[in-house]
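Worksheet for the structure shown next.
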Amino acid sequence: MDIATPPQPDGTTILADAAPTPHEPPVIRREDYRPFGWLVPEVSLRFDLGLDRTRVHAALTVQRNARADHSDTIRLNGDGLAARSVTVDGAPCTGWSMDGGDLMVPLHGDSHLIEVETEIDPSANTQLMGLYASSGMLCTQCEAEGFRRITFFPDRPDVLSVYTVRMQGPKAQFPVLLCNGNEVATGEGEDGSHWAEWHDPWPKPSYLFALVAGDLVANSQGFTTMGGREVTLNIWVRVEDLPRTDHALESLARSMRWDEEVFGREYDLDLYNVVAVSDFNMGAMENKGLNVFNTKYVLADRETANDADYDAIEGVIAHEYFHNWSGNRVTCRDWFQLSLKEGFTVLRDQLFSQDMQGEAVKRIEDVRVLRQVQFPEDSGPLAHPIRPDSFREISNFYTATVYNKGAEVIRMMRTMSGPEAFRRGTDLYFSRHDGEAATCEDFVRAIEEGAGLDLAQFRLWYSQAGTPKVEVALTHEGETATLHLKQTVPPTPGQPDKKPMPIPLRLALFDRASGAHRGEELLVLDRAEASYHFAGFAALPVLSINRGFSAPVAIERHVPAEDLLFLAAHDDDPFARYEAMQELLVGHLTAASGGGLDAAERAAGQEAVRSAFAAVLTDKALDDSMRGELITLPGHGYLAEQQLVADPALIHAEREALKTWLGRELEADLLAIHHRAAAVPFALDRAAKGARKIRTQTLVYLAAGNPALASELAAAQYHNATNMTDRQGALMVLAGLETAARTACLLDFYNRFRGNDLVIDKWFSLQALSLHPQVLEHVKALARHLDFTLRNPNRVRSLYMAFAANAHAFHAASGEGYRMLADLIIELDAINAQTAARMVPSLGRWRRTEPGRAALMKGELERIMATGSLSRDTFEQVSRSLG
Ligand code: TRP
Ligand code: ZN
């Protein structure tokens, strides 16, 4: 049941208070948005810092907002705070009251100075929102609604203020004091304390506030912007981590240059600080001039970070940097507009990484994530549009839909307009809305005007959830080929009926005889059904469609395996080659696990896959990185998505059976590649990186086909490894085998990297993800390991996110996997609600799972619900999953 939120006296919407909540937390609706009754042009904060006691004095200059409804009370949001004193214009205020966690202050004039004092205990903050302690240092996380855990404030993104912050604390404990903007003054007290004053000239919402105090050192370099500004870049870490910061620093400089060149965006402060923190709920945070990062996305050297880690660091550093324009200079009016900054910034970081790491492979990786994570979200109980209409807890909407589908939606605009026109659109957006809190609609209008597109119907992509399905058929008669397209947008919770949306499809028609096509075309399917004629074809051509994944849709078509083999070998669009391989594999595995194949059909399907793989393995013109993509099997989640109701055990069994069969059939080719790749010396270039990728990938197939041989090869790769990519790859393969080398190498890995949290996370993760038959027992033992703790989100994710993604263990027919995850959610919810709630979707797909398991999954959701004192975060995810 939804509880509508009554509008408040000052025209704002109630923002409910802290977890845990015994009753249903209120639903917040996009349509209820009202401008805030007051402007807060200036904020002055004073922090008296201590790990378990921090005093905060806040002085807010407030002015009546002429563009909002009149109100004689200002609502200052608070979450678990008590006001020690409240003054208005210097005089004690007696009329204040509390409404839930919020402080209500009566105000009668048009402008006032409100001062409030609060006291907080950072060491008791296990939610990691607001001000908290992490290995002896203090840091903040305010997005989305964490600032209200520090002081009372209109904690909403459309209230922009200039901040001045003075902080003081014991110098020995906190030698480094950092905040947004620039440091303007420092000093020392007699009692061993010191202080620093920081000023950020750029007006910002409270969610971008940040403060860090700790014993840190920086890896620094200078950067001259295109306009000649000299900027100091600092990556702040604990002293022992300093040798692992070069890659992050170099990535930052590359991002800054790229944003100047590709989007014309220049940095706007003299200082850019990045701080690495071990305890962090997400990847990183774009606070103005003071990014706070999960150590996972900062620290790297070749012994402790693999190639994927290097790429992820470059991508996340870029993402947070790009937010300086798409998020900070232009921010969001309200949290329903989250995709305005996140979708756009993900697109920007994807385009950057395409330029840095290679366009084809990066595009394939991004599409794989979309299909494996976002497609299931879009077809399950948590489906929502990229611009949601309602929420109970905004933290639950930092989703693959808002981020990744959001990026795809903007990418479609770019595909339809072309990159130059799109750039005119983004230029207009940035100049028109600089300094404002904008909406998705503002963005679309700017692109429409600047790029010269008509996006009237396209706006449906912002309001309709669900992955559109496009049915495709190609026929031929006389000299004409005809393409028939039909789209349907499936019903999703709260949205039973959908309208057709504009779907841009890049396509090419290949002549079978010559193997060439006449040039790529872009079609925009904007009706439910349409046919397109192509003249001049003597025979039925081979269709390559949705090239480059030009639209985030599911293509459904029935084409003979020979057409897919043709495209896998000949298509000049690398994504389309990958796609043809995937279509072949998905088609075979879906038919096999749906029980729809007789022996002859199964043999024919396997043979088609074998010949495609053989061609890929022996194609001399392919680079290894692309080769690795082409022989990647579709993930379990994407395969399950193909069936209305899936049996995870059957999907897993068929997927493994195919691997085993390929490993046996292609053993000689796989071995040859493995040995060739093993001889390539370590380097950071694309060729060496590709060799490392294919080296472990061939091992994966060999392990399925010939475990004894693979165990020897993997042990050798493990022991001879000069880098984490090879070592982790080998250990990952060994973890799935029942051999002595497994035990020995797991022990060696642990002892070798003991004390390095990020590497020990890998050790937890690869055991939880392994193909070993005893994974459930292993996970239970790991949960009791001395190095396991519920206090550290990376550690929790390394064990339980990995476990929940391990189909054969998590979906054990006994329901034990579901029970273990539910137990974890219940225990973690009281400690870190955000992280607990992120585990719920794994149980939420019960309706799409076969009836036996569905009942067990639903039973666990009901058990979580029955615990009664759930956080707002977990309550919302569980109730939507049951609903
Ligand atoms: N804005 C951050 C990003 O995408 C996301 C983020 C970081 C976040 N920490 C958070 C969101 C905590 C919610 C809660 O770059
Ligand atoms: Zn972001």
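The values are calculated or read from the model by the stated rules, or taken from the named source; none is laboratory data. These numbers come from a predicted model, not from an experiment. Positions of Cβ are backbone-derived with ideal geometry, glycine not excepted, and every protein chain shown enters the neighbour counts.
Take the residues in the range 241-265 that are charged (D, E, K, R) and surrounded by fewer than 22 Cβ atoms within 10 Å (Cβ to Cβ); name whichever of them is nearest to ligand 2 (Cβ to nearest atom).
So, considering only residues that are charged (D, E, K, R) and surrounded by fewer than 22 Cβ atoms within 10 Å (Cβ to Cβ), the one nearest to ligand 2 (Cβ to nearest atom) is Arg254.
Return the residues of the range 263-314 that are β-branched (Val, Ile, Thr) and either within 16 Å of ligand 1 (Cβ to nearest atom) or closer than 18 Å to Gln350 by Cα (or both); say none if nothing qualifies.
Once the filter is applied, which keeps residues that are β-branched (Val, Ile, Thr) and either within 16 Å of ligand 1 (Cβ to nearest atom) or closer than 18 Å to Gln350 by Cα (or both), the range 263-314 yields Val274, Val275, Val277, Val292, Thr295, Val298, Ile313.
Looking at the range 391-473, what helices (runs of 4 or more DSSP H) fall wholly within it and have at least 2 residues that are among the acidic types (Asp, Glu) and without any contact (Cβ under 8 Å) to a residue 24 or more places away in the chain?
440-451
Do we find a residue being within 16 Å of ligand 1 (Cβ to nearest atom), within 31 Å of the chain's Cα centre (by Cα) and either surrounded by fewer than 21 Cβ atoms within 10 Å (Cβ to Cβ) or assigned to a loop (DSSP other than H, G, I, E, B) (or both) anywhere in the range 98-105?
Checked against the condition, which is being within 16 Å of ligand 1 (Cβ to nearest atom), within 31 Å of the chain's Cα centre (by Cα) and either surrounded by fewer than 21 Cβ atoms within 10 Å (Cβ to Cβ) or assigned to a loop (DSSP other than H, G, I, E, B) (or both), the range 98-105 yields no hits at all.
Can Tyr310 be described as under 30 Å from Thr725 (Cα atoms) and either in contact with a Ser or Thr (Cβ under 7 Å, 6 or more places away or on another chain) or crowded, with 23+ Cβ neighbours inside 10 Å (or both)?
no
For residues that are within 15 Å of ligand 2 (Cβ to nearest atom) and assigned to a loop (DSSP other than H, G, I, E, B), scanning just the range 287-322, find the one that is nearest to the chain's Cα centre (by Cα).
The qualifying residue nearest to the chain's Cα centre (by Cα) is Asn287.
Assess whether Glu654 counts as being over 23 Å from Asp726 (Cβ atoms) and not assigned by TED's automatic domain parsing to the domain that holds Met356.
When the stated conditions are applied, Glu654 passes them.
Restricting to the range 266-286, and then to whatever is closer than 19 Å to Pro203 by Cβ and under 20 Å from the mean Cα position of the chain (by Cα), can you tell me which residue is farthest from ligand 2 (Cβ to nearest atom)?
Met285
Which of the following residues is under 26 Å from the mean Cα position of the chain (by Cα) and either over 23 Å from Gly852 (Cα atoms) or of a type in the set (D, E, K, R) (or both): Glu601, Glu562, Glu629?
Glu629
Can you tell me how many residues in the range 341-378 are within 11 Å of ligand 2 (Cβ to nearest atom) and either in contact with a strand residue (DSSP E or B) (Cβ under 7 Å, 6 or more places away or on another chain) or without any contact (Cβ under 8 Å) to a residue 60 or more places away in the chain (or both)?
Total satisfying the criteria: 5.
A quick yes/no check of all residues on (1) of a type in the set (A, V, I, L, M); (2) surrounded by 21 or more Cβ atoms within 10 Å (Cβ to Cβ); (3) more than 16 Å from ligand 1 (Cβ to nearest atom); (4) within 32 Å of the chain's Cα centre (by Cα):
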site: Glu143; (1), (2), (3), (4): no, yes, no, yes
site: Phe153; (1), (2), (3), (4): no, yes, yes, yes
site: Pro170; (1), (2), (3), (4): no, no, yes, no
site: Leu178; (1), (2), (3), (4): yes, yes, yes, yes
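How about the range 720-748: which of its residues are more than 17 Å from Val759 (Cβ to Cβ) and of a type outside the set (Lys, Arg)?
Asn720, Val733, Gly736, Leu737, Glu738, Thr739, Ala740, Ala741, Thr743, Ala744 - these are the residues of the range 720-748 that are more than 17 Å from Val759 (Cβ to Cβ) and of a type outside the set (Lys, Arg).
Since Ala621 meets every condition but one in (1) touching a Phe, Trp or Tyr at 6+ places or on another chain (Cβ under 6 Å); (2) exposed (fewer than 15 other Cβ atoms within 10 Å of the Cβ), which condition does it not meet?
Of (1) touching a Phe, Trp or Tyr at 6+ places or on another chain (Cβ under 6 Å); (2) exposed (fewer than 15 other Cβ atoms within 10 Å of the Cβ), only one is false for Ala621: (1).
Show me the helices (runs of 4 or more DSSP H) entirely contained within the range 791-842 in which 3 or more residues are farther than 27 Å from Val298 by Cβ and outside the structural domain of Ser881 (by TED's automatic domain parsing).
none
Looking at (1) without any contact (Cβ under 8 Å) to a residue 40 or more places away in the chain; (2) in a helix (DSSP H, G or I), find the lone condition where Leu737 falls short.
Here Leu737 meets the rest and fails (2).
Restricting to the range 388-436, what's the tally of residues that are closer than 23 Å to Val159 by Cβ, within 16 Å of ligand 2 (Cβ to nearest atom) and of a type in the set (A, V, I, L, M, F, W, C)?
3
Being farther than 29 Å from Glu850 by Cβ, in contact (Cβ under 8 Å) with a residue 12 or more places away in the chain and part of a helix (DSSP H, G or I) is the filter here; which residues of the range 633-671 pass it?
Residues satisfying the conditions are Arg664, Glu665, Glu667, Asp669, Leu670, Leu671.
Which of the residues that make up the range 395-417 are more than 12 Å from ligand 1 (Cβ to nearest atom) and farther than 14 Å from Pro385 by Cβ?
Correct list: Ile410, Arg411, Met412, Met413, Arg414, Thr415, Met416, Ser417.
For the range 315-360, what are the residues that are under 12 Å from Arg265 (Cβ atoms) and either among the polar types (S, T, N, Q) or near ligand 1 (Cβ under 10 Å from one of its atoms) (or both)?
Answer for the range 315-360, where residues must be under 12 Å from Arg265 (Cβ atoms) and either among the polar types (S, T, N, Q) or near ligand 1 (Cβ under 10 Å from one of its atoms) (or both): Phe322, His323, Asn324, Ser326, Gly327, Asn328, Thr345.
What number of residues within the range 387-414 are over 17 Å from Gly494 (Cβ atoms) and either outside the structural domain of Gly450 (by TED's automatic domain parsing) or among the aromatic types (Phe, Trp, Tyr) (or both)?
The qualifying residues number 2.
Within the range 776-788, track down each residue that is of a type outside the set (D, E, K, R) and either surrounded by 12 or more Cβ atoms within 10 Å (Cβ to Cβ) or outside any loop (DSSP other than H, G, I, E, B) (or both).
Of everything in the range 776-788, those that are of a type outside the set (D, E, K, R) and either surrounded by 12 or more Cβ atoms within 10 Å (Cβ to Cβ) or outside any loop (DSSP other than H, G, I, E, B) (or both) turn out to be Leu776, His778, Val779, Ala781, Leu782, Ala783, His785, Phe788.
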